[in-house]
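Step one of this worksheet: look at the structure below.
The values are calculated or read from the model by the stated rules, or taken from the named source; none is laboratory data. Quick caveat: nothing in here was measured; it's all calculated off a predicted structure. Here the Cβ positions follow ideal geometry from the backbone for every residue, glycine too, while neighbour counts run over all protein chains shown.
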């Protein structure tokens with residue numbers, strides 16, 4: 001905890017009663033009021049997260065789109081200025097380097113948002129591949145960027161209460177640069193990691209505490225990492241290190257729609273195209289009493305090992321204990337499987353993903 | 001307030017001793033640190049437990065934590081009301097017991113009284 005880095009909002013978290021923990025080298029609140037209360041606030045009203053630990057890489061140069069198309073499995077040829085696009089980034093063997101979101105600022109300028117704990121690895125990976133392009137320069141600008149996530153159906157009310165100059169992006173996965181929110185110049189995107197409508201707000205570190213306080217005063221409940229995880233888990237969004245990893249391909253993780261095998265080439269294409277995935281990500285609902293976390297063995301009815309859980313726990317909106325698992329294709333067709341938790345075999349029924357889909361717009 | 005009708009462990013459990021019966025629960029500080037509790041894996045009557053062995057598992061929204069047994073002995077009863085209402089460990093930590101153990105051996109020197117436990121909580125709260 002002593003060595004953990006502070007985000008620009010560290011003092012703010014202490015002031016609002018955040019329970020601080022070390023997470024991926026950062027001191028961040030795991031919760032304020034409580035994970036369930038925060039989870040519910042985001043599903044029904046509005047919550048506010050400090051996500052300043054996320055990595056930001058600015059990719060500039062005429063060859064930036066070509067480099068992105070080489071590095072990422074998704075296709076950036078058709079991405080318009082002012083829009084965002086999600087993509088996995090793979091190793092030649094199809095394993096995942098990271099998953100990220102690309103913001104197109106202009107034809108030769110892209111903002112790439114990556115996982116905090118992968119940022120340096122990603123930067124090195126991008127630089128290594130940028131070397132074979134004439135004009136593509138990745139630069140890690142994370143230290144100069146604060147990020148807030150305002151999530152939940154009432155997010156517009158909170159924004160209007162703090163005062164917004166300029167219109168919000170009209171569609172999901174779009175953004176507006178140089179918007180004024182609560183007096184601060186921000187980049188605002190209609191993105192998030194909760195399964196609810198909302199925005200992510202990028203701004204200068206010096207402006208972040210005042211905007212955080214203003215949004216809380218405007219009715220947004222401060223939320224920590226705990227509810228960030230339960231919300232993304234219910235929405236069945238992949239988390240690097242869980243559903244995606246060095247040895248998990250995006251196809252195994254069920255991210256086929258973000259893997260454009262029709263592209264002329266990209267790193268990992270041959271491996272992904274030639275060897276079909278051996279495992280599939282599925283959803284499970286625990287039928288017996290108990291909670292299955294990540295890395296619990298999954299067994300079939302005959303007791304054969306067929307895979308493992310990648311994330312698991314209580315899904316507050318569903319009021320049920322759920323798990324995501326990577327299992328063999330054969331097992332993925334079974335209606336009922338078993339999860340081993342501390343030597344006990346808990347029955348689990350297969351359910352579709354995502355576990356939760358919002359009705360809010 | 002920390003009640004003075006029972007003893008405490010450094011792991012933030014409470015133990016109420018009555019003859020050879022020990023009733024075990026979690027302190028208010030423990031439930032606070034765990035956060036919202038959603039499931040308790042209870043021992044079965046007849047299970048034998050060792051001193052320092054796992055008596056139960058408490059699952060909060062974010063993690064699983066072992067409840068360790070102070071006495072060695074045999075589980076006589078577990079609080080099955082927690083199966084349907086695990087959140088009672090949050091709302092009523094001093095009332096929501098987890099299990100009763102018939103004690104065969106118990107090292108009472110490892111237990112803290114009300115004042116010593118209150119002092120421990122104060123130190124922990126300053127750390128947090």
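Of the residues B:58, B:67, B:24, which is part of a strand (DSSP E or B) and under 23 Å from residue A:18 (Cα atoms)? Every option except B:58 fails the conditions. Among the residues of region B:77-107, which ones are in a loop (DSSP other than H, G, I, E, B) and under 21 Å from residue B:61 (Cβ atoms)? The answer is B:79, B:85, B:86, B:87, B:92, B:93, B:96. For residues that are surrounded by fewer than 16 Cβ atoms within 10 Å (Cβ to Cβ) and closer than 19 Å to residue B:37 by Cβ, scanning just region A:288-317, find the one that is farthest from the other protein chains (Cβ to nearest Cβ). My answer is A:288. Taking the stated definitions as given, is residue A:344 within 13 Å of another protein chain (Cβ to nearest Cβ) and either touching a residue at least 40 places away in the same chain (Cβ under 8 Å) or on the phi > 0 side of the Ramachandran plot (or both)? Here the answer is yes, as residue A:344 does meet what is asked.
A count restricted to region A:121-169 and to residues that are surrounded by 14 or more Cβ atoms within 10 Å (Cβ to Cβ) and in a helix (DSSP H, G or I) stands at 16.
With respect to the conditions (1) crowded, with 23+ Cβ neighbours inside 10 Å; (2) closer than 16 Å to residue B:38 by Cβ, residue A:320 falls short on a single one, namely (1). Counting the residues of region A:256-285 that are farther than 12 Å from residue A:94 by Cβ and either outside any strand (DSSP E or B) or under 17 Å from the mean Cα position of the chain (by Cα) (or both) gives 9.
Return the residues of region A:318-341 that are within 14 Å of chain B (Cβ to nearest Cβ) and touching a strand residue (DSSP E or B) at 6+ places or on another chain (Cβ under 7 Å); say none if nothing qualifies. Lay out the reasoning, then the answer.
Pass one, region A:318-341, residues within 14 Å of chain B (Cβ to nearest Cβ): A:318-323, A:339-341.
Once the filter is applied, which keeps residues that are within 14 Å of chain B (Cβ to nearest Cβ) and touching a strand residue (DSSP E or B) at 6+ places or on another chain (Cβ under 7 Å), region A:318-341 yields A:320, A:321, A:322, A:323, A:339, A:340.
Residue selection: residue B:67 fails the criterion of being under 11 Å from the mean Cα position of the chain (by Cα), on the phi < 0 side of the Ramachandran plot, within 14 Å of chain A (Cβ to nearest Cβ) and free of Cβ contacts under 8 Å to residues at least 24 places away in the same chain.
When residues in region A:25-49 are screened for being farther than 25 Å from residue A:355 by Cα and away from chain B (no Cβ under 14 Å), 2 of them pass. Exactly one residue among A:249, A:230 is within 14 Å of chain B (Cβ to nearest Cβ) and under 24 Å from residue A:308 (Cα atoms), and that residue is A:230. Yes or no: region B:98-107 includes at least one residue that is closer than 13 Å to residue B:15 by Cβ and modelled with pLDDT under 95. Scanning region B:98-107, I find at least one residue that is closer than 13 Å to residue B:15 by Cβ and modelled with pLDDT under 95, so the answer is yes.
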